[in-house]
1. Determine whether segment 156-173 contains at least one residue that is open to solvent by 30 Å² or more (accessible area, probe 1.4 Å) and within 15 Å of the ligand (Cβ to nearest atom).
2. Could you tell me which residue of segment 8-37 is nearest to the ligand (Cβ to nearest atom), considering only residues that are within 18 Å of GLY118 (Cβ to Cβ) and surrounded by fewer than 19 Cβ atoms within 10 Å (Cβ to Cβ)?
3. Restrict the check to segment 155-163 and report whether at least one residue is of a type outside the set (S, T, N, Q), out of contact with any helix residue (DSSP H, G or I) (no Cβ under 7 Å at 6 or more places or on another chain) and modelled with pLDDT of 95 or more.
4. Going residue by residue through segment 50-58, is there one that turns out to be more than 16 Å from the ligand (Cβ to nearest atom), closer than 23 Å to ALA21 by Cα, surrounded by fewer than 20 Cβ atoms within 10 Å (Cβ to Cβ) and acidic (Asp, Glu)?
5. Filtering segment 88-112 down to residues that are under 15 Å from the mean Cα position of the chain (by Cα) and not in a helix (DSSP H, G or I), which residue is nearest to the ligand (Cβ to nearest atom)?
6. Go through segment 156-207 and report how many residues are of a type in the set (Val, Ile, Thr) and over 19 Å from the mean Cα position of the chain (by Cα).
7. If I filter segment 122-148 down to residues being within 13 Å of the ligand (Cβ to nearest atom) and in a helix (DSSP H, G or I), which single residue comes out as surrounded by the fewest Cβ atoms within 10 Å (Cβ to Cβ)?
8. Looking at segment 118-130, which of its residues are closer than 15 Å to GLY7 by Cβ and more than 14 Å from the chain's Cα centre (by Cα)?
Amino acid sequence: MIIAIDGPAGSGKSTIANILASRFGYNKLDSGAMYRTVAFICADDGIDLNDEDAVVRRADALDIAFDTTGPRARVLADGRDVTDDIRTPATDRIVSAVSAYPGVRSALLPCQRAFANGRDVVAEGRDIGTVVFPDADLKVFLTADPRERARRRVLQRHPEGAPDATTMERELTQTLADLERRDEIDAHRAVAPLRAADDAVSIDSTAHTIDEIVDRIVELANERRAQ
Ligand code: DC
C-alpha cells in the first residue's frame, strides 16, 4: 500500500508520516529531504543557485541515500552524512528555488519511485499524490493555519521549551514570513506545484492533536485496505 501525504511546510506531514510508518511497519519516503540535499550540496559546492544548468547537472550526478539502521534516519549525499545540514534555516531559504527547476525534479523522480519498488510506503512531500504516486492507495492533503504552522516550526527549534515572549514573537514573525515565501514559490511553480490531488482527503490540522489526525488517517487506510 502507498499512503501519500502532501501539504505545506509545518502542516505536520513529517511527524504524522513517521508515526504512520512505524505503526504500520511501512518504509517512509521523505521527498523534501531529497530536495533539501540537492540545495545544500549545490550551495556547499559553491554552485551559483541561479545557474539552473549547473544545479541540474549536480542533481543528476548526486547519489542520495537514506540510512535507516539507527534510531534516527540519516540522509547521505554521495556517502556524506548531511542529515543536520539540510535542516538549517539557510537550507530552508534556498530549497524552494532549487526544487522549482524542472531538471531537478526529473532527476529525483525516478529515485522516489524506485524507493517504493513494490514495498509498502508512507511518502510525504508536495507532489506525491499528483505526480510521484498518482495511483497511491490513500492520498491525504494536510493543511493548517499559517501562524500555527510557524508556531510549530519555532517550537521545533527549541526542544528545551518555548523561548520568552519577546523572542517567541520575533522568531514567529520571521518564520511566518519565510514560510509564506516558501509556500508561494512551492504553490506557483510551473512543474508539480503544491496542490491537493483531486482524489485526496483534505485534513486541516490547526485545531487537532497529532493523535487525532493519525487516528483519522489510520481509519481511512483501514477502509481502503478493506475495499
Ligand atoms: O517538506 P520540506 O519542508 O522538507 O520540503 C522542503 C522543500 O522541498 C519545499 O519547500 C519544497 C520542496 N519539495 C518539493 O518541491 N516537492 C516535494 N515532493 C517535497 C518537497
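1. Scanning segment 156-173 turns up at least one residue that is open to solvent by 30 Å² or more (accessible area, probe 1.4 Å) and within 15 Å of the ligand (Cβ to nearest atom).
2. ASN27
3. No, because not a single residue in segment 155-163 is of a type outside the set (S, T, N, Q), out of contact with any helix residue (DSSP H, G or I) (no Cβ under 7 Å at 6 or more places or on another chain) and modelled with pLDDT of 95 or more.
4. No, there is no match, as no residue in segment 50-58 is more than 16 Å from the ligand (Cβ to nearest atom), closer than 23 Å to ALA21 by Cα, surrounded by fewer than 20 Cβ atoms within 10 Å (Cβ to Cβ) and acidic (Asp, Glu).
5. ALA100
6. Matching residues across segment 156-207 total 3.
7. Top of the filtered list is VAL131.
8. THR130
The values are calculated or read from the model by the stated rules, or taken from the named source; none is laboratory data. Just so we're clear, the structure is a prediction, and the values are computed from it rather than from any experiment. Ideal geometry is used to build each Cβ from the backbone, glycine not excepted, and the neighbour counts take in all protein chains shown. Calculation scope for accessible area: heavy atoms of the full protein, side chains included, ligands and nucleic acids excluded. Shrake-Rupley method; radii C 1.70, N 1.55, O 1.52, S 1.80 Å.
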